[in-house]
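Take a look at the structure below.
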Amino acid sequence: MCDEEPRLRAADLERLAAERLKELQDRGETLHPVVSRSRKLAAHFWGSAWMKHLARCESGGLCLAPGRSLLRRGCVLDVRVTPGSIRALVSAERLYEIEIGIAPLDEERQETLRTMCSGRIASLLSLLDGTTDAALLEQLCDPNTGLLPEPADWHMSCTCPDWAEPCPHAAAAVYAVGCLIDADPSLLFTLRQVQPETLIAEPSTAAEDFDAGKLSATFGIDLDLE
């Protein structure tokens, strides 16, 4: 059974996380902590799609609730997303290192996506902010046809002794990635190793329509395209 309560009290978790974060930063470590205390954890289209997908996975038996608790208590001290990979540091009883691999979409699946999207996406911005064709977005969010990874696509490891997969620390990292995707949807495409530009019918037109300033304003991120 999935136990939603961390072993340490909430106040102790928060205190230890803050102390460890400061200690690491004082040692010169460059960290990317993620914390979200909001109920929904995401406010934009792709971040919300990620969170809803995790809720479906949890309904199917995947134990993720302890990860939400750790995220909300500031225990995710560092998260890094690279193509097909997530690395994280999560504070709990101790400081744990998490590595998560996600199987890439194979070429056949990517070709299916390109065919599915052909002529239906006006610009890169409309794809990233989730304002394109609603029926298409539903397909792109379907684990069987789109970008969101199924549980079988995850390969998780953690330095904790917990035998469960995912352990609470890996689950916290997965939720933290959803928060990062909410701020920068391109990270979902990075994670699945898909170039979003290839899903747009006319890449040259899409490049002309791509407004970095508008995207930055929409998601609150800085883009350096020089």
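The values are calculated or read from the model by the stated rules, or taken from the named source; none is laboratory data. Keep in mind that this is a model prediction, so the values were computed, not measured. Heads up, the Cβs are rebuilt from the backbone with ideal geometry, glycines too, and the neighbour counts pull from every protein chain shown. Note: areas computed on protein heavy atoms with side chains; ligands, DNA, RNA excluded. Shrake-Rupley method; radii C 1.70, N 1.55, O 1.52, S 1.80 Å.
Number of residues in segment 74-122 that are part of a strand (DSSP E or B) and touching a Gly at 6+ places or on another chain (Cβ under 7 Å): the value is 3.
Of note, ARG68 does not satisfy the criterion of being in contact (Cβ under 8 Å) with a residue 40 or more places away in the chain, under 17 Å from CYS167 (Cβ atoms), open to solvent by 80 Å² or more (accessible area, probe 1.4 Å) and not β-branched (Val, Ile, Thr). Restricting attention to segment 48-63, the residues that are at pLDDT 90 or above and small (Gly, Ala, Ser) total 3. Taken together, SER118, SER126, SER204, SER216 contain a single residue that is farther than 18 Å from ALA42 by Cβ, among the hydroxyl-bearing types (Ser, Thr, Tyr) and either surrounded by 18 or more Cβ atoms within 10 Å (Cβ to Cβ) or modelled with pLDDT of 90 or more (or both), which is SER126. Run down LEU125, LEU54, LEU137, LEU71 and say which single residue is over 15 Å from ARG192 (Cα atoms), out of contact with any Leu (no Cβ under 8 Å at 6 or more places or on another chain), part of a helix (DSSP H, G or I) and aliphatic (A, V, I, L, M). Exactly one of LEU125, LEU54, LEU137, LEU71 is over 15 Å from ARG192 (Cα atoms), out of contact with any Leu (no Cβ under 8 Å at 6 or more places or on another chain), part of a helix (DSSP H, G or I) and aliphatic (A, V, I, L, M), namely LEU137. Looking at (1) open to solvent by 50 Å² or more (accessible area, probe 1.4 Å); (2) touching a His at 6+ places or on another chain (Cβ under 9 Å); (3) part of a loop (DSSP other than H, G, I, E, B), can you tell me which one LEU148 breaks? So LEU148 meets the others, but not (1). Could you check segment 152-172 and list, in sequence order, the residues that are open to solvent by less than 70 Å² (accessible area, probe 1.4 Å) and more than 16 Å from LEU8 (Cα to Cα)? Selection gives ASP153, TRP154, MET156, SER157, CYS158, ALA164, PRO166, ALA170, ALA171. Of GLU58, GLU14, GLU97, all but one fail to be open to solvent by 80 Å² or more (accessible area, probe 1.4 Å) and either closer than 27 Å to SER186 by Cβ or not basic (Lys, Arg) (or both); the exception is GLU97.
Okay, residues lined up against (1) within 20 Å of the chain's Cα centre (by Cα); (2) farther than 25 Å from VAL174 by Cα:
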residue	(1), (2)
ARG72	yes, no
CYS75	yes, no
VAL79	yes, no
ALA88	yes, no
LEU95	no, no
GLU111	no, yes
ILE121	no, yes
GLU138	yes, no
ASP142	yes, no
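One residue stands out in segment 71-94 among those that are of a type in the set (D, E, K, R) and over 20 Å from PRO185 (Cα atoms): the one that is surrounded by the fewest Cβ atoms within 10 Å (Cβ to Cβ), namely ARG94. Residues that are touching a strand residue (DSSP E or B) at 6+ places or on another chain (Cβ under 7 Å) and part of a loop (DSSP other than H, G, I, E, B) were ranked within segment 30-51; the one that is surrounded by the most Cβ atoms within 10 Å (Cβ to Cβ) is PRO33.
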